[in-house]
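Notes for the one structure printed next.
The values are calculated or read from the model by the stated rules, or taken from the named source; none is laboratory data. All values derive from a computational prediction rather than experimental measurement. No Cβ is skipped: glycine too gets one built from the backbone with ideal geometry, and neighbour counts run over all protein chains shown. What goes into the accessible areas is simple: the full protein's heavy atoms, side chains included, and nothing from ligands, DNA or RNA. Shrake-Rupley method; radii C 1.70, N 1.55, O 1.52, S 1.80 Å.
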Amino acid sequence: MVFGAGGKIGIGNSTPGNHLDVIGNLSGGYAGFVHNDGDTNGHYGLRVAGGKDDGSTSNAIISICDGDNEAQGHITISGATVSYGPFSAHHEI
């Protein structure tokens with residue numbers, strides 16, 4: 001783990017470009033896992049916030065990329081509307 005300039009943290013990356021930059025090479029597993037298991041109400045998973053405070057423009061909240069970090073799609077918010085896409089890779093919901 002590296003603590004870089006401007007409060008940036010790198011895990012698996014000695015020169016983090018983001019506030020939290022995690023790079024891994026784990027075959028057969030996920031790079032990250034968030035689990036809040038309390039087996040009762042009120043145990044949430046992951047909260048992601050970004051964009052303008054009033055949501056008045058389209059804000060990309062989550063970007064989905066392939067292994068080469070090429071964008072394949074995204075989840076955006078604009079006002080009270082959540083949009084998924086456009087996705088260029090094969091996907092099923």
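With contacts taken as Cα pairs under 8 Å at a separation of at least 6 residues, the chain carries a relative contact order of 13 percent.
Take the alpha-carbon positions of the chain, form their convex hull, and give its projected area averaged over all directions (one quarter of the hull surface) in nm².
Working: hull surface 36.3 nm².
For the chain, averaging the hull's shadow over all directions gives 9.1 nm².
Since only ALA80, SER58, VAL2 are under comparison, the one whose Cα sits farthest along the positive direction of the charge dipole of the chain, derived from C-beta charges on Lys, Arg, Asp and Glu, is VAL2.
Give the carbon-plus-sulfur fraction of the accessible surface of the chain in %, rounded to a whole number; probe 1.4 Å, heavy atoms of protein chains only. Could you put the intermediate results ahead of the total?
Working: 4050 of 7800 Å².
It is 52 percent, rounded to a whole number.
Using only side-chain charges placed at the Cβ, +1 for Lys and Arg and -1 for Asp and Glu, the dipole size of the chain relative to its Cα centre rounds to 240 debye. Peptide packing: for 77-85, 30-38, the average count of neighbouring Cβ atoms within 10 Å per residue gives the ranking 77-85, 30-38, highest mean first.
Please compute the length gained on full extension between ALA31 and ASP68, using 0.36 nm multiplied by the number of residues separating them and subtracting their Cα-Cα distance.
Details: separation 37, 0.36 × 37 = 13.32 nm, distance 1.45 nm.
This chain segment gains 11.9 nm when fully extended.
With all protein chains kept in place, the per residue accessible area of the chain amounts to 84 square angstrom at a probe of 1.4 angstrom.
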